Every structure is written in structure tokens, then in C-alpha cells.
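To start, the structure itself, in C-alpha cells.
The values are calculated or read from the model by the stated rules, or taken from the named source; none is laboratory data. This one's a predicted model, so the numbers in the text were calculated from it and none came from an experiment. Don't worry about glycine lacking a Cβ; one is built from the backbone with ideal geometry, like all the others, and counts go over all protein chains shown. Note: areas computed on protein heavy atoms with side chains; ligands, DNA, RNA excluded. Shrake-Rupley method; radii C 1.70, N 1.55, O 1.52, S 1.80 Å.
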Amino acid sequence: MRAPLVVGNWKMHGNKADCEALAKAIVQALKKQPTRIEVAIAPPFTALALVGKIISGSKVKLAAQNCHWQPFGAFTGEISPSMISDVGCDYVILGHSERRHIFHESDDMIARKIAPAVAHGLRAILCVGETLAERQAEQTAKVIARQLQIALKGLGNDVIEKLEIAYEPVWAIGTGQNATPVQVNQIHQSIRKFLLDAFGETKGGQVRILYGGSVKAENAAELIELDTVNGVLVGGASLKPETFLPIARAFS
Ligand code: PGA
């Protein structure tokens, strides 16, 4: 298995000065860290180039929060995989629940993005997860299987090698209510089974499965204990060095 991956998703937060300060603090702190861990940060699009410069030559990787599936064209307000790759991104987050639920991105739309992202040299972090209503209706396993099936249908081994999955229960995102270790384990095991069945032991076994949803230093410790968890996707707690760095350190 690859090194654990800790991703900070800054969402729509931070002007240039904020992003610069945060990126510098993270680079500085991780310099001294003896790590077998990968850290990526996902600033807003407007700060990608700036943050890319700051982290250049460091261990920290650059991630975008979304992209379109087409390389260019008349898609006002969108950004292409080649553009984010060109600006220095290593990763792109796809199918985040805010994209699915606020901006109505369908499973099909998300599915169309993965191969083009990888073709442009990016690693794709595919987010899946159920809503509270779906969990209460005992639909969790079904919803996640559907999201995975549609997103990963027909992808070749070359694409699977560049894939990470983030399990993010929608009810846990930004709510302070994180999933319990038992819940995380159960879903991560089912995601792993799906990957092994679909792509075989070697390819399916090396896809990292991250957990996301109200991750903080306090609950990171119990997540690390689970061997089904290969990293975390952090939102709110990634906006300050003092809340993000302890999570990264816990994984290293
Ligand atoms: P949160 O967000 O850590 O603030 O819950 C996680 C995410 O949206 O990726």
C-alpha cells in the first residue's frame, strides 16, 4: 500500500494572502517531519498558481477541487483537466458531495471526469457517500455501490492506478458529527471489496481509501488505528495550521 494521504480541502475559503500564509506554514512545518505520508492541499482555483509556487520543491502536493471533462470549449465558468495540470496540480477532487448536492452533478457527470483527469497526469480523488436520509433508510451500501459502479465503469488499469476513493458521509461533512470507527470500517471494507472484485487483487488492493467528514486531530487518532483507512480528506480543520498539522502528524 502507498503512503497514507492527507488532503486539505480549503473549499471556497481564502484570498491570496490567506492562502499564501497557510501554504507557507504547512510547507515549513512538514519540512522537519520524517514522513511516510503524502500531504496535498486544495486551495480555490484563484490561488492554485500562487500556492503551487510556494509548495514547489517541498513534499506538499497541489490539488484542485474539481474540473470539467472536456479539454477546452464553450463551458463558461468551468476549468479543464489540462488547465489545472498546467498550473501544477498533482491531484483533483471529483464528485465531492457539495458538487453533487449543491451543483447537481450526477453520477454520470462525475464518471466522465475521471479518465480525462488521469490522461492529463492528475491523480483523481473520487468522493462517495450517503446522505442522512439514505443512511436512515438503510440505503448506504446501495448508494455507495451505485456511485462506484457508475464512476468506475469501463476504466482501465492505467486509470485505476491513479485513483483514490474518499468515503465522505454527507451527514458528517462540516457538521462536527463524524462517523464512528465501526461505521467507517464497515463502508471502507465494502469499498475495498468492490475494488478487488472489479479490478483484481493488485490494482484493486492499492487504491487508497480515505475517510472525510468532520476529521479533527482528536478523531484522527482513532481513524489511524483502522487498517481500512489509508488517509483522510479534511475540510474545516484544514484551514488553520494548528488544526491541520496535528492531523497530518498523526498519520506520519
Ligand atoms: P469537513 O469537510 O472536514 O469540514 O467535514 C470534509 C470535506 O468536505 O471534504
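What's the carbon and sulfur percent of the chain's accessible surface, probe 1.4 angstrom, rounded to a whole number? Before the final figure, lay out each step's value.
Working: 6150 of 11330 Å².
That share works out to 54 percent.
Dipole magnitude of the chain about its Cα centre, charges +1 at Lys/Arg Cβ and -1 at Asp/Glu Cβ only, in debye to the nearest 20?
Numbers: 27 positive and 24 negative charges, 112 e Å.
So the dipole magnitude of the chain works out to roughly 540 debye.
Considering all projection directions equally, how large on average is the shadow of the alpha-carbon convex hull of the stretch 131-252, in square nanometres? Before the final figure, lay out the partial values.
Numbers: hull surface 30.5 nm².
Result: 7.6 nm².
Using alpha carbon centroids, what distance separates the stretch 185-226 and the stretch 135-155, in Å?
So the two Cα centres are separated by 15 Å.
Compare the Cα positions of 186, 57, 211 along the charge dipole of the chain (+1 at Cβ of Lys, Arg; -1 at Cβ of Asp, Glu; about the Cα centre) and return the one farthest towards the positive end.
My answer, from the dipole projection, is 57.
Quick one: net charge of residue 106's neighbours, Cβ under 13 Å, K/R +1, D/E -1? Walk me through the numbers on the way to the answer.
Details: positive: 99, 100, 112, 113, 146; negative: 105, 107, 108.
Every neighbour counted, the sum reads +2.
Rolling a 1.4 Å sphere over the protein heavy atoms, what is the accessible area per residue of the stretch 1-155, to the nearest Å²? Could the numbers behind the result be given before it?
On the way: 7400 Å² over 155 residues.
About 48 Å² of surface per residue is accessible.
Does the stretch 101-169 classify as rounded, prolate or oblate by the C-alpha gyration tensor (a ≥ b ≥ c root eigenvalues; a/c under 1.5 gives rounded; else a/b over b/c gives prolate, otherwise oblate)? Don't skip to the answer; put the middle values down first.
Working: a/c = 2.33, a/b = 1.98, b/c = 1.18.
In terms of gyration-tensor shape, prolate.
Which number comes out as Rg/Rh for the chain once both Rg and the Kirkwood Rh are worked out on C-alpha atoms?
Numbers: Rg = 16.8 Å, Rh = 18.0 Å.
Radius of gyration over Kirkwood radius for the chain works out to 0.93.
Find the Rg to Rh ratio for the stretch 1-110, where Rh is the Kirkwood radius over alpha-carbon pairs and Rg uses the same atoms.
On the way: Rg = 14.6 Å, Rh = 14.8 Å.
Result: Rg/Rh = 0.99.
Given the options 12, 83, 109, which has the most mean-square fluctuation in a GNM of the chain, springs set between C-alpha atoms less than 10 angstrom apart?
Maximum fluctuation in the GNM of the chain, among the listed residues, is at 12.
Along the positive direction of the dipole of the chain (beta-carbon charges: Lys, Arg +1; Asp, Glu -1; about the Cα centre), which of 229, 154, 8 reaches farthest?
8
Ignoring everything except DSSP H segments at least 4 long, calculate the 222 nm mean residue ellipticity for the chain; use -39,500 (n - 2.57) per segment, divide by total residues, nearest 500. Can you show the working numbers first?
Working: 11 runs with 114 residues, N = 252.
Theoretical 222 nm ellipticity from helices: -13500 deg cm²/dmol.
Add +1 for every Lys or Arg and -1 for every Asp or Glu among the other residues with Cβ under 14 Å from the Cβ of residue 149, and state the total. Intermediate values should be presented prior to the final figure.
Details: positive: 142, 146, 153, 193; negative: 107, 108, 197.
Around residue 149, the charge tally is +1.
Whole Å is fine, so just give me how far the alpha carbon centre of the stretch 42-62 lies from that of the stretch 76-125.
17 Å
Packing-wise, with mean Cβ within 10 Å as the measure, how do 67-78, 14-25 rank, highest first? Could the numbers behind the result be given before it?
Values: 67-78: 12.3, 14-25: 16.6.
In decreasing order of mean packing, 67-78, 14-25 become 14-25, 67-78.
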